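Here the structure comes first, spelled out in structure tokens, and everything after it is commentary.
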């Protein structure tokens, strides 16, 4: 029984030290204000209205503007609507 308690404490200590030495790369702690900041800017998909990290979004230049999409399907539907082809848009 003592061995299991010792093992549990050892695992807990490992994760605490690991988190302290190697902080998460997706978030950074602002030491002055104590607030979390994301490394990546969030953008809104114009088709399905979800927010996604800009660095993992699918980018398309449509009608001279840059748009960011969560998937190729959303990009295809949005393009079809912009081109005036409602058969492939939201209703189809």
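The values are calculated or read from the model by the stated rules, or taken from the named source; none is laboratory data. Please read all numbers here as calculations on a predicted model, not as lab measurements. Every residue, glycine as well, gets a Cβ built from its backbone with ideal geometry; the counts of neighbours run over all protein chains shown.
Would you please name the residue that is farthest from residue 69 (Cα to Cα), looking only at residues in the stretch 28-45 that are modelled with pLDDT under 55 and surrounded by 11 or more Cβ atoms within 10 Å (Cβ to Cβ)?
The qualifying residue farthest from residue 69 (Cα to Cα) is 29.
Can you tell which of 48, 74 is at pLDDT 80 or above, outside any helix (DSSP H, G or I) and under 26 Å from the mean Cα position of the chain (by Cα)?
None of the others qualify; the one that does is 48.
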